[in-house]
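Before any comments, here is the structure.
The values are calculated or read from the model by the stated rules, or taken from the named source; none is laboratory data. The structure presented is a predicted model; accordingly, all values stated were derived computationally and were not measured. All Cβ positions, glycine included, derive from the backbone under ideal geometry; neighbour counts span all protein chains shown.
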Amino acid sequence: MAYDLESGSTGLRAEVIDSMVKQIAAQTYKFKQACAVVPTSAWKNTFFRENPDVLAGGVGNTTKGIPRGANFPQATVGWEEVSVRIVKYGLEDNIAWEDILSNDINIQARTVVKLTAGVVKAVDDEIWDSLTESRVGTGRIQSFAVAQYWNGASSAVIADLMKASRIIAEKNYDVGNLICFISPRSKAGIMHTLSSKGAQFPQIATDVTNNGRVGRLAGIQLVESNSVTASYALVVKPKTCATYKELVSLRSTTVDDPYKSLKIRVVEEGVVELTDPLAVVLIKDVEHSTDDY
């Protein structure tokens, strides 16, 4: 991709680069599809986690069977107040004017791609850490460890995915359109498992590859990401489990020093709100570290 290097076209160059940034990012984000993305204008954001349990009357005063003229049972909704602060992400690089003119590769275009990918990866890493609560077992999200690795020696992957779906359903969430985030190694193990079981075994229903989507298994969308920590998988109810509050959407700017250099800067600011931790299931020990596919 060629750019006009005259200083008079700086505005057009910045517009083209910003457009490139957004187009690249749209195909690169993996974990934002798990969140409802909502704009914000506040640095400190407060949200409320609602108790997902179905309301019912107390002992001796149940919802069913109220006598004529009797008082109704009381049931109160519970919330937890949580505050989070905006996180800023960004990268920049300064490209010498001569490199733009004469380099063997299109260094300007490749710099845009790599800077964008770096910022997007940092955002994805943060969403993964937030949804999994950094894998430290705080008790807010749900989790379980598998009995068998997701490899060719076992067909446990489908049973484990259905278990995760059941656990979410038992907390009164709709389980349509669930997403399971997996690592590249886990994807290889799953494919190896399915191929080794023969044509009679359920296969992955493939989708157009976009944002890491590699197909559906047991009705759950599989998404491959390098942000997933080894030997973990994550099943979520997308757009329900979390909200990404966006103060500054992904964008770029250029600073042109004529005949000397061009600085490209990419930035994003936002924060993850884990609003419904019970709509998240962390699956542990899904990989065998010695497996090589």
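Restricting the search to segment 117-136, which residues are in contact with a Ser or Thr (Cβ under 7 Å, 6 or more places away or on another chain) and within 28 Å of ALA169 (Cβ to Cβ)?
Residues satisfying the conditions are ASP124, TRP128, ARG135.
Regarding LEU247, is this residue in contact with a strand residue (DSSP E or B) (Cβ under 7 Å, 6 or more places away or on another chain), at pLDDT 95 or above and surrounded by fewer than 18 Cβ atoms within 10 Å (Cβ to Cβ)?
So LEU247 fits the description; yes.
Out of segment 231-259, which residues are more than 16 Å from the chain's Cα centre (by Cα) and over 22 Å from LYS114 (Cα atoms)?
SER231, LEU247, PRO258, TYR259
Residue by residue through segment 28-45, note down the ones that are in a strand (DSSP E or B) and either closer than 23 Å to LYS237 by Cβ or modelled with pLDDT of 95 or more (or both).
CYS35, ALA36, VAL37, VAL38, PRO39, ASN45
So which residues in segment 236-293 are within 18 Å of ILE127 (Cβ to Cβ) and assigned to a loop (DSSP other than H, G, I, E, B), if there are any at all?
Result: LYS237, PRO238, LYS239, THR240, CYS241, LEU274, THR275, ASP276.
So which residues in segment 221-239 are within 19 Å of LYS163 (Cα to Cα) and surrounded by fewer than 21 Cβ atoms within 10 Å (Cβ to Cβ)?
Matches in segment 221-239: GLN221, SER231, TYR232, PRO238.
Tell me, yes or no, whether segment 112-131 has at least one residue that is farther than 30 Å from SER261 by Cα, among the aromatic types (Phe, Trp, Tyr) and more than 22 Å from the chain's Cα centre (by Cα).
Looking for residues that are farther than 30 Å from SER261 by Cα, among the aromatic types (Phe, Trp, Tyr) and more than 22 Å from the chain's Cα centre (by Cα), one finds none in segment 112-131, hence no.
Among the residues of segment 46-77, write down those that are in a loop (DSSP other than H, G, I, E, B), touching a residue at least 24 places away in the same chain (Cβ under 8 Å) and loosely packed, with under 11 Cβ neighbours inside 10 Å.
VAL54, VAL77
So if I check each of VAL281, VAL272, VAL266, which one is buried (at least 21 other Cβ atoms within 10 Å of the Cβ), closer than 17 Å to TYR232 by Cα and of a type in the set (Val, Ile, Thr)?
VAL281
Restricting to segment 234-261, name every residue that is touching a Leu at 6+ places or on another chain (Cβ under 8 Å) and either on the phi > 0 side of the Ramachandran plot or aliphatic (A, V, I, L, M) (or both).
LEU234, VAL235, VAL236, ALA242, VAL255, listed by residue number.
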